[in-house]
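Taking it in order: structure first as structure tokens, then the write-up.
The values are calculated or read from the model by the stated rules, or taken from the named source; none is laboratory data. Worth saying up front: this structure is predicted, and the values here are computed from it rather than measured. Positions of Cβ are backbone-derived with ideal geometry, glycine not excepted, and every protein chain shown enters the neighbour counts. Only protein heavy atoms, including side chains, enter the accessible area calculation; ligands, DNA and RNA are left aside. Shrake-Rupley method; radii C 1.70, N 1.55, O 1.52, S 1.80 Å.
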Number of protein chains: 2
Amino acid sequence: MELHLFDKQVYTNRRAILKNAVGIDGIILLLGNEDSSMNYKDNCYPFRQDSSFLYYFGLNVPTLAALIDTETGEEVIFGNELTIDDIVWTGTLPSVSEMAEQVGINKTKPYGQVVDYVNKAVASGRRVHILPPYRPENKIKLASWLNISLNDVAGQVSLKLVKAVIAQRLIKSELEIAELEKAVSISVDMQLAVIKNTVPGIKEYQLVAKAHEVAIAHNAHLGYPAIITTHGQTLHTHYYGNTLQEGRMVLCDIGAENNMYYGGDLTRTFPVGRSFTSRQKELYEIVLASMDHAISMLKPGVRYRDIHLAACEKLAEGLVQVNLMKGDPAEIVAAGAHTMFFQCGLGHMLGMDTHDMEDLGEQYVGYTDTLLKETSTFGLKSLRLGRELESGYVVTVEPGIYIIPELIDRWQAEKKYLDFINYDELNTYRDFGGIRIEDNFLITDNGSHLLGKYLPKTLKEIEALKG
Amino acid sequence: MELHLFDKQVYTNRRAILKNAVGIDGIILLLGNEDSSMNYKDNCYPFRQDSSFLYYFGLNVPTLAALIDTETGEEVIFGNELTIDDIVWTGTLPSVSEMAEQVGINKTKPYGQVVDYVNKAVASGRRVHILPPYRPENKIKLASWLNISLNDVAGQVSLKLVKAVIAQRLIKSELEIAELEKAVSISVDMQLAVIKNTVPGIKEYQLVAKAHEVAIAHNAHLGYPAIITTHGQTLHTHYYGNTLQEGRMVLCDIGAENNMYYGGDLTRTFPVGRSFTSRQKELYEIVLASMDHAISMLKPGVRYRDIHLAACEKLAEGLVQVNLMKGDPAEIVAAGAHTMFFQCGLGHMLGMDTHDMEDLGEQYVGYTDTLLKETSTFGLKSLRLGRELESGYVVTVEPGIYIIPELIDRWQAEKKYLDFINYDELNTYRDFGGIRIEDNFLITDNGSHLLGKYLPKTLKEIEALKG
């Protein structure tokens, strides 16, 4: 185990800002993650620390918790020291106090003492600020420490803390941007390896193997399960058993998470063989035009929801031109008919989490008190990011066209959007698959900056890679 | 998602045997696993089904449960059908009833109805047989369904069910052996790739990358986190950041889990450069002699604990010859002094789990009512398998020599085993590292059978691979 840390001042400053945002109001309790068992207790998935814990306390070690007392300023890390048995089995590690010192904290306690601090705070009527737990073991611990039922834990989450953490983590610092650049560049190398290795007859999982190899060989790993599929219309498929056939495309959505836990999130769609078919080219150009239009709109002060809608309109424009849709693009989007082809959102925040801070709530990360996330409209309910952009945000832009036979059948049977969708033409595309193109951008003072090395994205560039 | 299943009769027969073993005694409730979140709810680790669930119900799909009524013979699979949103996001799947039919079950219910069946059984005073949960979410569900506290769930585990499942899963069928052969052979290919790619100057994680690539390219994955390290003395290290240096060795302990969830578990130790040093050769030969001796003892009727102790004596013999130990090997082992070099057990059961059925309890898998697992003796307390071997068992054999500086310092300070350990000589080996050699064996009627393709293991063979 090796710690990968920024300078201790980084963490001290971050905590000072958080304390200031929460104000004099009880204690802040952040839980690190535990190891997660696969098929028996001691056979664990690769450890992933909680991102907010990493942000404020940096330590990538299981079974830690940390407390900030907003009144006294006391900061404590809770964790247990290794025994000789631990050393025999997993090697030496710095002591908890040595690790804590590296992130600017000089008080440590055994893990079992968290409950004493919580009890004391509760007994004296002080607030205990917690974030929403997404791991069941942390939910169990919080219920036990707060002496409440599991069902009541959600009600104890501190919205004040949630909002303070989001406000801070939304704006990426220079150090963070440098890590994101690295993570995206590794993701570019992964994409290049997959594209170059794609040939007719290969299995999807052989390409997945390449993606993992490149990530791990860069001392990174995949930040989310790879989507590498000839059925690009299935938005989050993790099935890799298909044999790739000449004439079809591969949709590849992969990203590296580097050793500082920052991630890239890139998608390319490319032909199995050397070149796209003419139908593939037509729809690819539509997606690319939508993407370029969206990118041109990225700047502070613009609502991402508006960029999403403008990108949808660009898609609709193109789909009308190829006779898959009909009518006025603005009316198509207003009616929601474009969601036959683009069922999801244009993008999301990116950072230590692929969907950055999704554990804290999409409404709070991607929206504001005055701009609420839609919860029922097909399409918009899947748009994770709606709020006005600010300098320092990092976002993905990822339009797509997905031909989903099940959706065609359902909507056609329901006679849905007959004024806008040419079902006869659309049914000739049933086996088309899907196209998505995705890059990652930092919002700058005047516009945006593409993160990472350039990854070919035009038809010509993609075909050149396969030459 | 694709189901990988044996013929439905296989599962029907397995359940019939289980029902028979438990007898007319309430209901048997087996829980499948859920998806496990990494850093937010929807970003999940690769799904791993519970092995006992796979054994009896075969379905590799999250959030299923299954019930066997030992009185009426009723068998039910509980699971929820996909919505159109699920299809858009993750693609189509067979319905729960279609999947159930493939494993010989014709009754399915929504997941939420498990609790009704449990309530009914409890209300009529019938026993609800459960296995010990190792995932916190399953613990939460069991507590809720049984209306007991989380702390009381362990007390509700059915020892009768645990023992019946173990008795059945311990003896591998021909179908299972065929899968184990495949998984071990993939593991051999992984080892070969790692060995051949090892050169001075490379990082450990670059070798880890190769192991993953080969596994995934065979439509498999790693069954447990890779141990690929130049610090072979650390038994379960998962740190891969070291640069490999000429003169040192790499210990590589990796195994594939194939698409039927059977796994291999192989270890080789090899030089970073082209050849072993003379000290490395000396200790390697000792480990290999111990291994070969252990293998020669594998047959039905022999206690694995005795094989372990005989292998330890072989290690002690060799360590006396190279002056690291002194005295009589049998006395050394009786006193436990060899545990300075070999701190763990000789092997364990292997199957769908690397430590097969470890979730059901090491005492019940590896020992018997009359042969109890030691709980305090250093060395033996880490021996997972002690019981008499039977035809059909699959076991690992993995002796080793590990030079752990922290252990030398501690025991020397405690003046421990001064009659048996040459501390002066041993201290000249402080930076040696560790050696382990491991293969997988099926116990046959007369002896044993090496599973999978042959993987070079002699000094000469290993050096030839690096030539």
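Descriptive notes on the structure:
- Every test in (1) modelled with pLDDT under 95; (2) facing chain B (nearest Cβ under 9 Å); (3) open to solvent by 30 Å² or more (accessible area, probe 1.4 Å); (4) under 30 Å from B:Leu380 (Cα atoms) is passed by A:Pro46 save one, and that test is (1).
- Those residues of region A:410-449 which are surrounded by fewer than 16 Cβ atoms within 10 Å (Cβ to Cβ), of a type in the set (A, V, I, L, M) and outside any loop (DSSP other than H, G, I, E, B), in sequence order: A:Ala413
- Residue selected from region A:171-185 under the condition open to solvent by less than 10 Å² (accessible area, probe 1.4 Å) and aliphatic (A, V, I, L, M), by the criterion farthest from the other protein chains (Cβ to nearest Cβ): A:Val184
- Yes/no for A:Gly366 being closer than 15 Å to A:Asp306 by Cα, within 14 Å of chain B (Cβ to nearest Cβ) and crowded, with 24+ Cβ neighbours inside 10 Å: yes
- For region A:153-167, the candidate set comprises residues that are within 14 Å of chain B (Cβ to nearest Cβ) and part of a helix (DSSP H, G or I); within that set, the residue that is nearest to B:Glu137 (Cα to Cα) is A:Ala154.
- Among the residues of region B:286-302, those identified as surrounded by 17 or more Cβ atoms within 10 Å (Cβ to Cβ) and either among the hydroxyl-bearing types (Ser, Thr, Tyr) or touching a residue at least 40 places away in the same chain (Cβ under 8 Å) (or both) are B:Ile286, B:Val287, B:Leu288, B:Ser290, B:Met291, B:Ala294, B:Leu298.
- Picking from residues in region B:234-262 that are open to solvent by 20 Å² or more (accessible area, probe 1.4 Å) and under 15 Å from the mean Cα position of the chain (by Cα), the one that is nearest to B:Val61 (Cα to Cα) is B:Tyr261.
- Here A:Leu93 passes the criteria (1) modelled with pLDDT of 95 or more; (2) under 33 Å from the mean Cα position of the chain (by Cα); (3) assigned to a loop (DSSP other than H, G, I, E, B) except the one numbered (1).
- Taken as a whole, the structure leaves B:Glu137 outside the set of residues that are part of a helix (DSSP H, G or I), open to solvent by 60 Å² or more (accessible area, probe 1.4 Å) and at pLDDT 95 or above.
- Hits in region B:314-342 (condition: crowded, with 20+ Cβ neighbours inside 10 Å and under 21 Å from B:Ser376 (Cα atoms)): B:Ile332, B:Val333, B:Ala337, B:His338, B:Thr339, B:Met340, B:Phe341, B:Phe342
- Enumeration of residues in region B:263-280 that are farther than 21 Å from B:Asn197 by Cα and surrounded by fewer than 22 Cβ atoms within 10 Å (Cβ to Cβ): B:Ser278, B:Arg279
- One residue stands out in region B:186-226 among those that are under 23 Å from B:Phe432 (Cβ atoms) and open to solvent by 40 Å² or more (accessible area, probe 1.4 Å): the one that is farthest from the other protein chains (Cβ to nearest Cβ), namely B:Pro200.
- Cβ-Cβ distances below 6 Å connect the following pairs, each with a first residue in region A:227-243 that is more than 10 Å from chain B (Cβ to nearest Cβ), a second residue that is in a loop (DSSP other than H, G, I, E, B) and open to solvent by 20 Å² or more (accessible area, probe 1.4 Å), and a separation of six or more residues or different chains: A:Thr230/A:Asn242; A:Thr230/A:Arg248.
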